[in-house]
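Working notes, structure below.
The values are calculated or read from the model by the stated rules, or taken from the named source; none is laboratory data. Just so it is clear, the model here is predicted, and its values are computed rather than measured. In this analysis, Cβ positions are derived from the backbone assuming ideal geometry, glycine residues included, and neighbour counts consider all displayed protein chains.
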Amino acid sequence: MKDAAPQPVYLEDYTPPAYLVDAVHLTFRLAPNTTRVLSRIEFRPNPDATSRDFFLHGEALTLISARINGAEIIPEVTPQGLSAIVPDAPFTFEAEVEINPEGNTALEGLYMSNGMYCTQCEAEGFRKITYYPDRPDVMSIFTVRIEGDTPVMLSNGNPTGSGAGWAEWHDPWPKPAYLFALVAGDLVAHPDSFSTRSGRHVDLNIWVRPGDEDKCAFGMEALKKSMAWDEEVYGREYDLDLFNIVAVDDFNMGAMENKGLNIFNSSCVLSTAETATDANFERIEAIVAHEYFHNWTGNRITCRDWFQLCLKEGLTVYRDSQFTADLRSAPVKRISDVIALRARQFREDNGPLAHPVRPESFIEINNFYTATVYEKGAELIGMLKRLVGDAAYKEALDLYFTRHDGQACTIEDWLQVFEDVTGRDLSQFKRWYSDAGTPRLHVSEEFNNGRYTLHFEQKTPPTLGQEDKQPRLIPIAVGLLSPNGDEVQPTQVLEMTEARQSFSFDGLATRPIPSILRDFSAPVILERESSNAERAFLLAHDTDPFNKWEAGRALARAGLLAMMTEGAAPDAAYLDAIARVARDDTLDPAFRALALGLPSEDDLAQALFDAGHIPDPQAIWDALETLRDTRAEALESIAQDLYSRYQVTAPYRPDPDQTGARALANAALAMLSRRDGGTRAQAQYDAADNMTQQLAAWSCLLQAGAGAAATEAFYTQWKHDRLVIDKWFTLQIVQTAPDRAAEVAETLTRHPDFTLRNPNRFRATLGALTMSPAGFHHASGRGYRLLADMLIRLDPLNPQTTARMCSAFETWRRYDPVRQGMIAAELDRILATPNLSRDTTEMVGRIRG
Ligand code: 0A1
Ligand code: ZN
């Protein structure tokens, strides 16, 4: 039922909980439609509280009975929770409620996925399980008994007993309710173990549905590597005798860090060479690490309230990026992270959904698991580390872990440890947490008598509710090159604190070529007049791998913009420079594959908009296609050479070397397929023994218009595998020409394998449409209509996934009046839907403005 006018909550209204919980005992009597949950909760008044009102959150619960200190009570119950009169002393609250896991399609609280019971409690799902103070600053010790007829029954912590039809668990670590988890079903384990450096023996399991046992080995290795890495790099050991991971098919997000019982979207943990691509393997490794790292950054130290979400997420994303950079290639990881940051976070920061890394109000917290909180949050940690240095960063983290272990903390607590360790005042740095929007950093330069000066000016555009922004502390990593390509000034970090500030370098014989914002040292948009000659020079000579890649990207973008705004031909300077990079065997193949990438359609749309043009999605697609065709012709012999030299003949391993080689060979194949009509791609498809090669080949075939047979063969080969069939849905849509993309997507929504019940399948289909902007924004409006139709159908079943997918419309104001009119009409149609969820109401309302 739709809540009456949902009200925002504000950070400034935070008050401590009225009661604290010392212990909670839960008994689950599992039944698909009528699960009974019995709770016994030991409460005590919070001495720091400002109120004595006793309120427990609870939603969609049928209350059977409630008792205080053993005596039955009749509490006041509303759709949001329960209130009662309680003693002014410690007391026991007991309740019995009934819930319906089978009917729970929102996948929040206790629900069923393929006959398996599982839970998702972050952020506020526990209140759909029983009455409880469902807020992260109430931490307690959980004891859980599960009764049911499923062979495996799991919860957090350590097992304390089991018998026919029951199992008991005890978690000795106090935790907030959002970290509670329960899983019960017909599951099999892929077991292993790990010895911590202090000698604790930890049993490890990945639990899957029977038949998926062979898909766990890589995830398990990733887990053990994560455990060792966190000991080595952060000095953090695991703290229980058991660590369980469970793979679940129906899951709204990637995975969840429940204490000792991580629950994963099966797409983020299951893999074999035949079914997962190199990119999937890398993602699995990173997500396994991310969830494991949460054990310290999130679980042992948690968030005081949901406004502090970036405290655990920004830090944990930063830690998982460090892990991937250590295990694989640091430059490739950095470049990939920045591509993703710009694609998702810059886009968000630049539109109606812009919000601070630490938001100050929300209606539905689930709408704030965003690129800003996660990825920009991680960038802030990276900036802090760069500003204070590696040694102080380590000291500050050690202090954070000792000072705040077992607590629910704030960003103030986090910054305080850095201030205490370094003696620095970080109040200006804190603006990065409170101010939305991406700063524009304008640079000009001057050279006089051996002195080279960089003049910087920073400006952050206004965002909703934040008109004027104060200057931020921006770490700008700069190096200087001489015209012959030597580095005359190694990387130095300039600390910009003013709105306008200049930095000089003396004693230079000639005017240097600057390499600014090396390693992407701050999440800003750099604005600088440059020439193609200078970009080509940096692409050839910069010693900073990020800026080397960036120069190639800038060259490609400038050429594409000239094609679209001036009718220019594809840029010869770009083709020359990229040919040199492609041929340069001293460069990492993975780096070369990234350098051969082109700016995305969305990136170009924004660049056009910023330059005062109205972007035409079809014209952008056409320009990219023209450039790709021209490049395929110009680089044909290089592509042939790369394709043959970078074939991997050794047995498949998703390691950095093989992954890089395949990425480069498949970039070459994409070029060759534009010339040979798909002959080589078909041969690769027929010979492929792993998903990376198979999918790359099929993609090239579709692109060349020769994919029909492979499309059918792929389906026949993989129709039994949900995760692979997701790829089948996606690729057909993203590889269709723009005028047919919506039609293909629509046809696929009628395929017998399409279902609204599985978020992965919904994203594989509708998400794929939004990932091909020219198709989604096609002038017919069919893409908009289809997405709105499907969101309206999904919302009553799964508000969370519906709301997330609405962000496809967030860039609508950059398009022409006709498109804007069509999108506005669709947004209004969604908003007018009776009983629209508050998740979707909030998102569409913010986008519509
Ligand atoms: N904390 C998890 C992500 C997550 C967030 C919300 C969820 O449901 C609303 C589920 C998972 C992580 O960062 O991995
Ligand atoms: Zn996380």
Reported set for region 5-36 where residues are free of Cβ contacts under 8 Å to residues at least 40 places away in the same chain and not in a loop (DSSP other than H, G, I, E, B) is Asp13
Give all pairs with beta carbons closer than 6 Å in which a residue from region 643-668 that is free of Cβ contacts under 8 Å to residues at least 24 places away in the same chain and surrounded by fewer than 21 Cβ atoms within 10 Å (Cβ to Cβ) meets a residue that is of a type in the set (Val, Ile, Thr) and in a helix (DSSP H, G or I); count only pairs at least 6 apart in sequence or on separate chains. none
Look at Trp296 and say whether it is more than 16 Å from the chain's Cα centre (by Cα) and away from ligand 1 (no atom under 12 Å from the Cβ). yes
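Of all residues in region 126-172 being closer than 18 Å to Thr34 by Cα and within 28 Å of the chain's Cα centre (by Cα), which is nearest to ligand 2 (Cβ to nearest atom)? Outline the logic, then answer.
Step one: filter region 126-172 for residues closer than 18 Å to Thr34 by Cα, giving 126-131, 145-150, 153, 165-166.
If we keep only those that are within 28 Å of the chain's Cα centre (by Cα) as well, we get 126-129.
Values: Phe126: 17, Arg127: 21, Lys128: 21, Ile129: 21 Å.
Restricting to residues being closer than 18 Å to Thr34 by Cα and within 28 Å of the chain's Cα centre (by Cα), the top hit is Phe126.
Return yes or no: is Phe251 touching a helix residue (DSSP H, G or I) at 6+ places or on another chain (Cβ under 8 Å), more than 11 Å from ligand 2 (Cβ to nearest atom), under 20 Å from Asn156 (Cα atoms) and assigned to a loop (DSSP other than H, G, I, E, B)? Break it down stepwise before answering.
On the way: touching a helix residue (DSSP H, G or I) at 6+ places or on another chain (Cβ under 8 Å): yes; more than 11 Å from ligand 2 (Cβ to nearest atom): yes; under 20 Å from Asn156 (Cα atoms): yes; assigned to a loop (DSSP other than H, G, I, E, B): yes.
Here the answer is yes, as Phe251 does meet what is asked.
Please specify each residue of region 154-167 satisfying the condition of being surrounded by fewer than 19 Cβ atoms within 10 Å (Cβ to Cβ) and free of Cβ contacts under 8 Å to residues at least 40 places away in the same chain.
First, pick out the residues of region 154-167 that are surrounded by fewer than 19 Cβ atoms within 10 Å (Cβ to Cβ): 158-166.
Residues satisfying the conditions are Thr160, Gly161, Ser162, Gly163, Ala164, Gly165, Trp166.
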Within 30 Å of Ala764 (Cβ to Cβ), more than 11 Å from ligand 1 (Cβ to nearest atom) and surrounded by fewer than 19 Cβ atoms within 10 Å (Cβ to Cβ): which single residue out of Glu285, Glu231, Glu221 fits that description? Glu221
Region 280-330 - residue that is in a helix (DSSP H, G or I) and of a type in the set (Val, Ile, Thr) and, of those, nearest to ligand 2 (Cβ to nearest atom): Thr316
Do we find a residue being in contact with a helix residue (DSSP H, G or I) (Cβ under 7 Å, 6 or more places away or on another chain), among the aliphatic types (A, V, I, L, M), farther than 29 Å from Arg209 by Cα and not in a helix (DSSP H, G or I) anywhere in region 735-742? no
Scan of region 239-270 for residues that are without any contact (Cβ under 8 Å) to a residue 60 or more places away in the chain and under 16 Å from Lys215 (Cα atoms), ordered by number: Ile245, Ala247, Phe264, Cys268
Log entry, pairs with first residue in region 219-238 being more than 27 Å from Ala273 (Cβ to Cβ), second being modelled with pLDDT under 95 and assigned to a helix (DSSP H, G or I), beta carbons closer than 7 Å, six or more apart or on different chains, reads none
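May I ask you to say which residue of Asn252, Asn280, Asn295, Asn265 is surrounded by 24 or more Cβ atoms within 10 Å (Cβ to Cβ), modelled with pLDDT of 95 or more and of a type in the set (S, T, N, Q)?
Values: Asn252 fails: surrounded by 24 or more Cβ atoms within 10 Å (Cβ to Cβ); Asn280 fails: surrounded by 24 or more Cβ atoms within 10 Å (Cβ to Cβ); Asn265 fails: surrounded by 24 or more Cβ atoms within 10 Å (Cβ to Cβ).
Matching residue, one of Asn252, Asn280, Asn295, Asn265: Asn295.
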Across region 2-29, what is the number of residues that are touching a helix residue (DSSP H, G or I) at 6+ places or on another chain (Cβ under 7 Å) and at pLDDT 95 or above? 1
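Give me the residue from region 700-725 that is of a type in the set (D, E, K, R) and assigned to a helix (DSSP H, G or I) and, out of that set, nearest to Asp622 (Cα to Cα). Talk me through it step by step, then tell me what you get.
Of the residues in region 700-725, the ones of a type in the set (D, E, K, R) are 712, 719, 721-722.
Within this subset, residues satisfying the condition of being assigned to a helix (DSSP H, G or I) are 712, 722.
Values: Glu712: 28, Arg722: 34 Å.
Taking the candidates together, the pick is Glu712.
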For region 88-124, how many residues meet the condition of being within 12 Å of ligand 1 (Cβ to nearest atom) and among the charged types (D, E, K, R)? 3
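Results for (1) buried (at least 20 other Cβ atoms within 10 Å of the Cβ); (2) in contact (Cβ under 8 Å) with a residue 12 or more places away in the chain, shown as yes or no for each residue.
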| site | (1), (2) |
| --- | --- |
| Asn366 | yes, yes |
| Thr372 | yes, yes |
| Leu397 | yes, yes |
| Gln416 | no, no |
| Arg440 | no, yes |
Anything in region 248-282 that is near ligand 1 (Cβ under 10 Å from one of its atoms) and aromatic (Phe, Trp, Tyr)? List them, or say none. Phe251, Phe264
So which residues in region 472-490 are free of Cβ contacts under 8 Å to residues at least 60 places away in the same chain and over 28 Å from the mean Cα position of the chain (by Cα), if there are any at all? Val478, Leu480, Ser482, Pro483, Asn484, Gly485, Asp486, Glu487, Val488, Gln489, Pro490
